[in-house]
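Scroll down for the structure; my scribbles are underneath it.
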Amino acid sequence: LGAASTQVHPYILSEPTALATLDALRAGRRLLRRELPVDLEAKAGVQLLGGSQGGHAVLNTALYGPYYAPEEEIIAVAASVPPSDVRGQGIQMVSRWRKGSSNFAAVAAAAAEWYDLDLSLALAPPHDTQVPLLMESQCTPRDLVPDATSVEGLYTESFRSLAASGFTGDDRWSCALRENSLPTQSVAPLAFPPTLIVLSEADDLVDTPTERDAFDTLCGLGYRLQYLECAGAGHTDAALGSFGEQLDFLEARAAGDPWPEADQCQRTAPVTCSGTEP
């Protein structure tokens, strides 16, 4: 509805994605109120579910929700294979060539537009000009860098140096990556809704060890998390193969069922998820 956006999709960016999600929620309520004979004023709480980029999106929507849409009560979140620690993922993707290295070029291009950063400091030519142009028409990250085969050819030497140092400096690029990472962002959480985190043991896109560490860090910060890791599953298989467990978690929280303390903030060994069984 309405005119086309004048910005590229905010790929794995916390603030614009969260605000757009909450705006969509508000718009959806207005649309339903207009089209259906239902009383949406007596509404139930909101549950958020997302996988991969969507996992990052729902985690940050829960963070920004109490600030931007305080009228909405977020009662539960299910995030599968999320790149919740964008800074940590960047260290991995910029340091050596991986499947996710091309995806991270899209993160950099989106961040450059949102934060008004110099993309030529992150992406080597011709990618610094090519990626933003292709993002106007392409939706698959690997299509944005069709000729890239190494981090040396995709990322500048200075950006690779920032990755080697852990993006911990006071430069604007490191700041941007930290602000889009749930463990290191500066927005103070106002609520900690029950959240299920699903990871995949054999993820070839999101670095699972990085996300395991993020889980532990977030628990230490007060987040109320439950852990599930799908044994032997790849990125998409874990997101889809755990769908039953995700719905069970959300339904239990919506019903007010007890949430055992033994399930909270305990990083458990990988198990066979229901939808990944042979």
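The values are calculated or read from the model by the stated rules, or taken from the named source; none is laboratory data. Remember, predicted model here, so these are calculated numbers, not experimental data. Here the Cβ is made from the backbone with ideal geometry for all residues, glycine too, and neighbour counts use every protein chain on show. Ligands, DNA and RNA are stripped out before the accessible areas are found, and what is left, the full protein with its side chains, is counted by its heavy atoms. Shrake-Rupley method; radii C 1.70, N 1.55, O 1.52, S 1.80 Å.
Of the residues 244, 222, only one is touching a helix residue (DSSP H, G or I) at 6+ places or on another chain (Cβ under 8 Å) and exposed (fewer than 15 other Cβ atoms within 10 Å of the Cβ); which?
Checking each option against the conditions leaves just 244.
Specify which of the listed residues (46, 77, 58, 81) is within 30 Å of residue 257 (Cα to Cα) and touching a His at 6+ places or on another chain (Cβ under 7 Å).
81
Just to verify a result, which residue in segment 31-59, among those that are at pLDDT 90 or above and open to solvent by 60 Å² or more (accessible area, probe 1.4 Å), is nearest to the chain's Cα centre (by Cα)?
Ranking the qualifying residues of segment 31-59, first place goes to 49.
Here are the criteria: (1) closer than 30 Å to residue 229 by Cβ; (2) among the charged types (D, E, K, R); (3) surrounded by 14 or more Cβ atoms within 10 Å (Cβ to Cβ). Tell me which single one residue 113 does not satisfy.
(1)
All but one of (1) modelled with pLDDT of 95 or more; (2) part of a helix (DSSP H, G or I) hold for residue 83; state the number of the condition that does not hold.
For residue 83, the failing item is (2).
Restricting to segment 4-30, what's the tally of residues that are assigned to a loop (DSSP other than H, G, I, E, B) and surrounded by fewer than 21 Cβ atoms within 10 Å (Cβ to Cβ)?
6
Check segment 46-64 and report whether any residue there is over 24 Å from residue 249 (Cα atoms) and either out of contact with any strand residue (DSSP E or B) (no Cβ under 6 Å at 6 or more places or on another chain) or in a helix (DSSP H, G or I) (or both).
Scanning segment 46-64, I find no residue that is over 24 Å from residue 249 (Cα atoms) and either out of contact with any strand residue (DSSP E or B) (no Cβ under 6 Å at 6 or more places or on another chain) or in a helix (DSSP H, G or I) (or both), so the answer is no.
Could we say that residue 98 is open to solvent by 30 Å² or more (accessible area, probe 1.4 Å), closer than 21 Å to residue 207 by Cβ and assigned to a helix (DSSP H, G or I) here?
no
State whether the residues of segment 206-220 include one that is under 29 Å from residue 77 (Cα atoms), at pLDDT 95 or above and part of a loop (DSSP other than H, G, I, E, B).
Among the residues of segment 206-220, at least one is under 29 Å from residue 77 (Cα atoms), at pLDDT 95 or above and part of a loop (DSSP other than H, G, I, E, B), which makes the answer yes.
Quick one: residue 173 ticks every box in (1) among the aromatic types (Phe, Trp, Tyr); (2) in contact (Cβ under 8 Å) with a residue 40 or more places away in the chain; (3) surrounded by fewer than 19 Cβ atoms within 10 Å (Cβ to Cβ) except a single one, so which number is it?
(3)
I'd like to know if segment 20-41 contains one or more residues that are touching a Pro at 6+ places or on another chain (Cβ under 6 Å) and either closer than 18 Å to residue 199 by Cα or of a type in the set (S, T, N, Q) (or both).
Among the residues of segment 20-41, not one is touching a Pro at 6+ places or on another chain (Cβ under 6 Å) and either closer than 18 Å to residue 199 by Cα or of a type in the set (S, T, N, Q) (or both), which makes the answer no.
Evaluate the following for residue 226: is it polar (S, T, N, Q), touching a Phe, Trp or Tyr at 6+ places or on another chain (Cβ under 9 Å) and under 24 Å from residue 74 (Cβ atoms)?
It is true that residue 226 is polar (S, T, N, Q), touching a Phe, Trp or Tyr at 6+ places or on another chain (Cβ under 9 Å) and under 24 Å from residue 74 (Cβ atoms).
For segment 239-269: of the residues being within 13 Å of residue 226 (Cα to Cα) and assigned to a loop (DSSP other than H, G, I, E, B), which is farthest from the chain's Cα centre (by Cα)?
260
Suppose we filter segment 138-152 for residues that are hydrophobic (A, V, I, L, M, F, W, C) and more than 17 Å from residue 8 (Cβ to Cβ); how many remain?
The qualifying residues number 2.
Which members of segment 248-260 meet the condition of being touching a residue at least 24 places away in the same chain (Cβ under 8 Å) and open to solvent by 20 Å² or more (accessible area, probe 1.4 Å)?
Answer for segment 248-260, where residues must be touching a residue at least 24 places away in the same chain (Cβ under 8 Å) and open to solvent by 20 Å² or more (accessible area, probe 1.4 Å): 253, 254, 259.
Restricting segment 116-142 to residues that are of a type in the set (A, V, I, L, M, F, W, C) and open to solvent by 50 Å² or more (accessible area, probe 1.4 Å), which is modelled with the highest pLDDT?
121
Looking only at residues in segment 143-170 that are within 21 Å of the chain's Cα centre (by Cα) and open to solvent by 30 Å² or more (accessible area, probe 1.4 Å), which one is nearest to residue 107 (Cα to Cα)?
Top of the filtered list is 143.
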